[in-house]
Every structure is written in C-alpha cells, then in structure tokens.
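A short write-up of the structure that comes next.
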Amino acid sequence: MLSEDEFSEWYNDIVEKAGLCDKRYPVKGMNIWTPYGWKLMSLIDAVTHSEMARTGHREVCFPLLIPEDQFAKEEKHIKGFGGEVYWVTHAGLNPLDIRLLLRPTSETAMYPIFALWIRAHTDLPFKVYQICNVFRYETKQTRAFVRVREIHFFEAHTCHADFEDAERQIREDLEIMSVVGKSLCLPYMEMRRPDWDKFAGAHYSVGIDVFMPTGRTIQIGGIHQYRENFAKAYGITYEDEKGEHRLAHQTTYGMSERLVGAVVAVHHDQKGLKFPPAVAPIQVVIVPIPAKELQEKVAQECRTVFHRLQSNGIRAHLDERDLRPGNKFYDWEEKGVPLRLELGKRDLANNAAVLVRRDNGAKVSVPRDELIMIVKRILDEIGISMLKAAEEQLKAGIRDVEALDDLPVGVIRMRWCAEEACGKDAEARTGLNILGTRYSGEQAEGKCAACWKPAKTYLYAARTY
Ligand code: ZN
C-alpha cells in the first residue's frame, strides 16, 4: 500500500500533469475544470442522467442563493452545516435585511417549494434531481476533486406517501449506485452510518465508501432516509385517499466530483492514470508510426480509421503531433487512455492495426476489416478486468480484528454489541472513523471487540478522506 505522503505527492502532481484540472485559480479550494477533466466529469454525469431518466426522476434547476431564515428551519440541518456556509451579506452597497447563503446542498432551497407543488397523493411519489455546484467552506487541507470548496454535485430529492415507499426509493438509489459504480470500475461498501454520524437532519444515512490505495476510504455517495423530519419543518403535506392531510416521507441521494478523485486514485500504476472505458474522455488514441516513403499513406489510413471509430460511437483521438511515437505513447499512458492503436508501414501491407491495452500492456495485431467489433470487445474486457482488480483490492483491504490494539492498515471489521457507547469507545480507542454496519445486514457471533459482551453485528472503521 502507498503511504499517505507518497500518495499525496503523486495525486497532486498527476491531476495537473494529466490535464484534469488547473489549481492556479486564486481562490483556495476552487479549481478550474480543464477540457480533459470536464469531459470525464460530463461522461460520468451522462451515466447519472441516463439512470435518472430510467427511474423516472425529472431534472430541475433551483437558485444558488438561500435566505437565512429558510435555511434555519430544520434545526439539526443548520447545526450540521452552519459553520461551512458562505454568506452573501450585501447587494451592491447595501447590507441585506436577510442574509443569503450559497447552497451547501439544496434541501432548504427546494423544500418550501415542494410544499407548494405537492398537494395530493396523486402527486406522489415525487422524484426530482439536479446537477449543480454547491459551496462548502472546508477548513481541512483541500485536495483536487476530493476536498474542495466549490463542488460539482448531483442531488436527487424524493417525496413519498409513507415510510415503506421511501425505503423502496433507497433500494432503487442503491441500484443506480451500482450502475454508476460499474461504469467507473469502482467497487464500494454500502455502509449504514452509526446514529451519531448520520447526515444532519436524517433518520438514517447510507454512505458509499470506496477503498483507496493508501488503506483509507473515501465516501463517494450518500443516501439518506429523512422520514418526516424535513416535511415537518417545511410543511410538505398531501391529501390522502380519505381526504386526510399527511406529512410526506422524503429521501435524498447525493454524489459529487469525488467520483473523479476515486477513479484517479483507484486505477493507476507507475505510468499514470487508467480510465475506465465507459467514461474515458478518449477511448482509443491513434498513433501513426512514421514510414519514410509512405508517410502520407500512413496518415491517410489513420484518418480513415479515426473517422470509422468516431462514426461507430467510439471516442477516438488521432495524434498527429510532430513527436516521436515513444513520446506520444508516454503521454497517453499518463493520461489513462484505455486503448492505443498503432498503424505503420507493415500494417498498411497487411490491412492490419496494432492495439495495445493500457490496463495490462497486452499487444495484438488485428485485421482492419474487423476493427470496430474488436475494439468494442476489448474495451468491454478492459472494463471487466479493471473492476475485478479493484474488487480484489477492496477484499484484501478489509481486515478482521478480534481486539482494538495492534490494528492493521486498511478497513477494520470488528464484532460489535451494537451499543452506541461501545461504538464511540471503539472510535476513540482506535482513532479511526466509524463507517458503520453493512446496509444489507450482517450477523456476528462471538464477543464485541470493545466490551467483550455478546456481539450482534460487525462494525467497520477506517481512516477516511
Ligand atoms: Zn460492545
């Protein structure tokens, strides 16, 4: 496993060298999405949009500013976020009567309006989402995509007639998460957070945690069951079949640009990034291999291949820079392009092309007549093998412990009596963050690692980003 210092240095360097972002913007924690990085984020968003459409969520776009009094209505929520918000105190030269804040998330922007939109049981379930920027004044060390102050953010908000229907929504969210995870070749753990660490205002929270090469975990998604907590504060009610007014049950599901951070960190080697084919900004890079007298012919064939790939829905790039092929290989390996296509003199004669995989370096010569089919197949294979490799890392990263001293690096799994005091004790004694228990449930036999009373389940803990 990488040490935190090694990882930090490598990560901070690669995100700029590979052209994912520019950190020179003069506001700390607010980076510039450069074209290559933004393309990656947009392709990830495209997976999200498509899943939202599949599951009947409708897209909305709410204002960025929230009035202070509206924000303060849900007491726990403001307690949880109060210290992290950016305030707008003036309009022109005049101080505002009611301060405005930049949304740190949009519950308090949306819910007073949901109260106007939702009238009857026929309006339910009500499912909307938006992809926008949110702002959080992070005081810890910032890191591109992982801990920033202006965050590219996805948030789905739903309202339901009862608790059971909201629970169904949470299961659907987890299904969506699995589609997103597969596209990014990212295995993860679905953890039900302990009560003392749930989202501010939630009835319970499910954290989606990815295992990083340093042995820490990063939360890339959050799914929250609100019950009627927010509906009470914001007056979201509906008329049921009998004409009685009832409070709506609500859920949210959030993800952010941390998905990019996790992809960068989980899939890499000493040469650089490895992008999952489904979201790689460039899936195939074409590198012409110069041949003195046939230079123009090679260039022409490369252009033909480029157009064929593009018109078949494969994201291709033709590198015609005046550089040696070796330098081009190096560049595109660093940038994580899953497949390289080389075409030179010998390939002209054989009507062939050479394909080189980024994930394992495998090289194969293929007939150009079957190129499209073969490229698509190899891209699929790369996705499958990257996911498998990451799954093995995650599996190896979870360590069972019997007691709380002499802990290994990674995610630790301990038997737990399920008492809050005991969980907090474990947190204090290990100095780790408690991730919670498996959402799907797990039964343990034996003794709690903290108090030695009979255990009920397993508790997970790790250092986190
Ligand atoms: Zn215990």
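The values are calculated or read from the model by the stated rules, or taken from the named source; none is laboratory data. Keep in mind it's a predicted model, so treat the numbers as computed, not measured. Please note: Cβ atoms are built from the backbone with ideal geometry, for glycine as well, and neighbour counts cover all protein chains shown. Heads up: the accessible areas ignore ligands, DNA and RNA and are worked out on the full protein's heavy atoms, side chains in. Shrake-Rupley method; radii C 1.70, N 1.55, O 1.52, S 1.80 Å.
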Sole exception among (1) in contact with a Lys or Arg (Cβ under 8 Å, 6 or more places away or on another chain); (2) in the same structural domain as E16 (by TED's automatic domain parsing); (3) under 23 Å from D45 (Cα atoms) for V260, by number: (1)
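Looking only at segment 108-155, count every residue that is of a type in the set (G, A, S) and under 27 Å from G19 (Cα atoms) and tell me the total. Before the answer, list the steps.
To start, the set of residues in segment 108-155 that are of a type in the set (G, A, S) comprises 109, 115, 120, 144.
Right, trim to under 27 Å from G19 (Cα atoms) and you get 144.
Residues meeting the conditions: 1.
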- prompt: Before we move on, is D331 at pLDDT 95 or above, out of contact with any strand residue (DSSP E or B) (no Cβ under 8 Å at 6 or more places or on another chain) and at negative phi?
  reply: yes
field: Residue that is least open to solvent (accessible area, probe 1.4 Å), among those in segment 70-99 that are of a type in the set (A, V, I, L, M, F, W, C), out of contact with any helix residue (DSSP H, G or I) (no Cβ under 7 Å at 6 or more places or on another chain) and not in a helix (DSSP H, G or I)
entry: V85
field: Top-ranked residue in segment 28-50 [being farther than 16 Å from F275 by Cα and more than 15 Å from the chain's Cα centre (by Cα); ranked as least open to solvent (accessible area, probe 1.4 Å)]
entry: G29
message: Give me the residue from segment 361-419 that is among the basic types (K, R) and closer than 25 Å to R308 by Cβ and, out of that set, surrounded by the most Cβ atoms within 10 Å (Cβ to Cβ).
response: R368
query: Between a first residue in segment 149-168 that is open to solvent by 10 Å² or more (accessible area, probe 1.4 Å) and a second residue that is of a type in the set (A, V, I, L, M) and assigned to a loop (DSSP other than H, G, I, E, B), which pairs have beta carbons less than 7 Å apart while being 6 or more apart in sequence or on different chains?
result: R149/M30; E150/M30; A161/L124
- prompt: Which of the residues belonging to segment 53-69 are outside any loop (DSSP other than H, G, I, E, B), out of contact with any helix residue (DSSP H, G or I) (no Cβ under 8 Å at 6 or more places or on another chain) and open to solvent by less than 70 Å² (accessible area, probe 1.4 Å)?
  reply: P67, E68
field: In segment 101-122, the residues that are in a strand (DSSP E or B) and over 29 Å from the mean Cα position of the chain (by Cα)
entry: A120
query: Does L387 qualify as being modelled with pLDDT of 95 or more and of a type outside the set (S, T, Y)?
result: yes
